[in-house]
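K.L.:
Shown below is the structure under consideration.
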Amino acid sequence: MGSPHENGESDTKPSVSAEIARVAFKPPPLWRNNVELWFSQIESQFLISGISQEETKFHHVIAILEEDILSCVSDLVRCKPNDNPYTQLKNRLTQLADSESVRLRHLLSDMQLGDKKPSQLLHEMQDLSLGKIEGSVLRMLWFQRLPVLYTVLTENINVE
């Protein structure tokens, strides 16, 4: 240490230890009906959390995958790629996502109100349509899935 001055301070500067703080980050479960939008959301969360390393992103995504999806990417999990592991995982999961024709088929024939609010059903239908179905057609499809009472009450709602 250096010699102390009259005020009791020394010539040497105190050492500053660098610490890396971990940010708590847990992505939501994979949205099977909209994998691309899910990746957009978690990439925003990665950015906010300061996560930029491919390997870290890879492990965060692997940690939340359900068993059936995990089994579809098991080769990547068992033998993590050395080059761009997150990008490779993202590409694989995006390929596994429902194709556009499957989504539209689901929209046209399988969507039901069930326990959802009519507005929730409408939002899901709009998401599945990817903007490729005209508002009037989407409204007709939505009305077909509503009970008669809702149809009467919502006749004047504009869904475009």
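The numbers here are math on the coordinates, done by the rules we state, and not lab data. None of these values were measured; they are calculated from a predicted model. When we count neighbours, we look across all protein chains shown, and the Cβ atoms used for this are built from the backbone with ideal geometry, even at glycine.
K.L.:
Quick one: dipole size for the stretch 28-110, taken about the Cα centre, charges +1 on Lys/Arg Cβ and -1 on Asp/Glu Cβ, in debye to the nearest 20.
P.N.:
Dipole magnitude for the stretch 28-110 comes out near 40 debye.
K.L.:
Quick one: what does P(r) look like for the stretch 28-110 with 10 Å bins over all Cα pairs, in whole %?
P.N.:
Pairs per bin, as whole percents: 16, 49, 26, 8, 0.
K.L.:
Note down the net charge around Pro85, summing +1 for each Lys or Arg and -1 for each Asp or Glu among other residues with Cβ under 10 Å from its Cβ.
P.N.:
Within the 10 Å Cβ shell, the charges total 0.
K.L.:
Still on this model: Within a Cβ distance under 12 Å of Cys72, other residues only, what is the Lys/Arg minus Asp/Glu net charge?
P.N.:
Spelling it out: positives minus negatives among the neighbours equals -2.
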